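Encoded as structure tokens, the structure appears first; notes follow it.
The values are calculated or read from the model by the stated rules, or taken from the named source; none is laboratory data. All of these numbers come straight from a predicted model, not from anything done at the bench. Positions of Cβ are generated from backbone atoms using ideal geometry, with glycine treated the same way; all protein chains shown enter the neighbour counts.
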Amino acid sequence: MQRKQFKFRGATIHYEVGGSGEPVMLIHGFAENGGIWQYQRAFLKSHYRLLIPDLPGSGLSDALSLTGEEVNNAIEWYAECMKQLLDIESIEQCTLLGHSMGGYVALAFATRFPSGLRALGLVHSTAFADSADKKELRKKGISFIQRFGSQEFLKQSIPNLFGEKYKRRHPEEISALLKTADDFKEDDLIQYYLGMMNRPDRTGLLKNIAAPVLFIMGEEDKSVSLEDSLKQCWLPSRVLINILPETAHMGMWEEKDQVNETIMEFLKYVSDA
């Protein structure tokens with residue numbers, strides 16, 4: 001894999017690209033970076049041309065300087081950024097797989113650039129807009145970040161993304177992930193939260209999408225509930241679904257082999273379609 005960079009709205013955006021075959025972009029979620037896909041990258045790079053960005057404000061990428069209403073539309077700007085990445089790589093059509101907030105970016109991309117979408121994968125993510133209760137939780141999160149800082153916020157929130165079984169068996173991996181919290185700035189996390197809070201409902205897109213759609217869900221997911229995830233599964237016409245037992249919000253790590261096999265099955269289906 002080769003690391004590259006480009007400029008978007010004055011920010012330097014970093015990404016990895018490598019492998020050969022049909023292009024697949026893996027978009028990470030909130031308070032993550034492209035490294036969250038480490039197990040999928042190792043599994044897929046021999047079969048597909050992988051593009052793994054650090055979203056603006058994450059990993060090595062600069063944050064976007066958004067003002068006023070632009071902050072509320074942050075997810076749309078991230079989707080625009082992903083389109084520029086594909087243009088730089090001369091890719092006209094791509095499969096996008098997004099984890100959590102990365103799924104929101106992929107959905108925004110599918111809305112804005114439908115001809116550029118080969119297939120869509122929502123990994124512990126949802127097309128529903130935030131409910132009133134979810135918005136209140138995010139507002140409380142913003143207040144906590146402003147009062148105590150990003151590191152303290154992530155130290156408390158990241159372990160809750162994993163199922164109890166995984167936390168017992170792999171405390172060292174969660175500790176390693178927590179170390180990345182030092183890289184996040186308060187303003188960048190708040191920009192993510194405001195973008196997620198104000199994103200529109202995308203279920204209409206799922207009802208009308210012609211591309212195949214993958215849903216990977218966790219039985220114990222507290223961030224994107226299984227109940228909500230199941231409500232959206234019947235909307236697209238071509239769907240592959242995998243519900244991971246005893247798994248929370250981080251199936252890419254908690255059940256990496258099963259997730260890898262599911263993604264591979266989906267990508268082969270996309271290739272044969």
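I'd like to check something: does segment 96-110 contain any residue that is part of a loop (DSSP other than H, G, I, E, B) and surrounded by fewer than 24 Cβ atoms within 10 Å (Cβ to Cβ)?
no
Would you be able to say whether some residue in segment 125-133 is surrounded by 24 or more Cβ atoms within 10 Å (Cβ to Cβ), within 19 Å of the chain's Cα centre (by Cα), aliphatic (A, V, I, L, M) and in a helix (DSSP H, G or I)?
Checking segment 125-133: not a single residue is surrounded by 24 or more Cβ atoms within 10 Å (Cβ to Cβ), within 19 Å of the chain's Cα centre (by Cα), aliphatic (A, V, I, L, M) and in a helix (DSSP H, G or I).
Which of the helices (runs of 4 or more DSSP H) contained wholly in segment 166-273 include at least 2 residues that are in contact with a Cys (Cβ under 9 Å, 6 or more places away or on another chain) and surrounded by 22 or more Cβ atoms within 10 Å (Cβ to Cβ)?
Of the helices (runs of 4 or more DSSP H) lying wholly inside segment 166-273, none has at least 2 residues that are in contact with a Cys (Cβ under 9 Å, 6 or more places away or on another chain) and surrounded by 22 or more Cβ atoms within 10 Å (Cβ to Cβ).
Has segment 211-218 got at least one residue that is at pLDDT 95 or above and of a type in the set (Gly, Ala, Ser)?
The answer is yes, given that some residue of segment 211-218 is at pLDDT 95 or above and of a type in the set (Gly, Ala, Ser).
Contact list please: Cβ distance under 6 Å, first residue in segment 74-92 and in contact (Cβ under 8 Å) with a residue 12 or more places away in the chain and within 15 Å of residue 115 (Cβ to Cβ), second residue not small (Gly, Ala, Ser) and not in a helix (DSSP H, G or I), pairs at least six apart or on different chains.
83/113; 86/94; 91/23
What do you reckon, is residue 46 small (Gly, Ala, Ser), more than 19 Å from the chain's Cα centre (by Cα) and modelled with pLDDT under 95?
So residue 46 fits the description; yes.
Please name all residue pairs, on different chains or six or more residues apart, with Cβ atoms under 7 Å, provided the first residue is in segment 31-43 and is in a helix (DSSP H, G or I) and the second residue is of a type in the set (S, T, N, Q) and surrounded by fewer than 23 Cβ atoms within 10 Å (Cβ to Cβ).
39/260; 40/260; 43/260
Filter segment 136-163 down to residues that are under 22 Å from residue 230 (Cβ atoms) and more than 18 Å from the chain's Cα centre (by Cα) and give me whichever is surrounded by the most Cβ atoms within 10 Å (Cβ to Cβ).
Restricting to residues being under 22 Å from residue 230 (Cβ atoms) and more than 18 Å from the chain's Cα centre (by Cα), the top hit is 163.
Being part of a loop (DSSP other than H, G, I, E, B) and either of a type outside the set (Ser, Thr, Tyr) or within 17 Å of residue 232 (Cβ to Cβ) (or both) is true for just one of 75, 52, 91. Which residue is that?
Of 75, 52, 91, the one residue that is part of a loop (DSSP other than H, G, I, E, B) and either of a type outside the set (Ser, Thr, Tyr) or within 17 Å of residue 232 (Cβ to Cβ) (or both) is 91.
Among 76, 22, which is farther than 18 Å from residue 124 by Cβ, of a type in the set (D, E, K, R), crowded, with 18+ Cβ neighbours inside 10 Å and modelled with pLDDT of 95 or more?
Step by step, each of 76, 22 is checked, and only 76 is farther than 18 Å from residue 124 by Cβ, of a type in the set (D, E, K, R), crowded, with 18+ Cβ neighbours inside 10 Å and modelled with pLDDT of 95 or more.
Could we say that residue 63 is more than 19 Å from residue 120 (Cα to Cα), in contact (Cβ under 8 Å) with a residue 60 or more places away in the chain and not in a strand (DSSP E or B) here?
So residue 63 passes the test.
Of the conditions (1) closer than 24 Å to residue 271 by Cβ; (2) crowded, with 17+ Cβ neighbours inside 10 Å, residue 114 clears all except one; give me its number.
(2)
Answer yes or no as to whether residue 87 is under 20 Å from residue 18 (Cα atoms) and surrounded by fewer than 18 Cβ atoms within 10 Å (Cβ to Cβ).
The answer is yes for residue 87.
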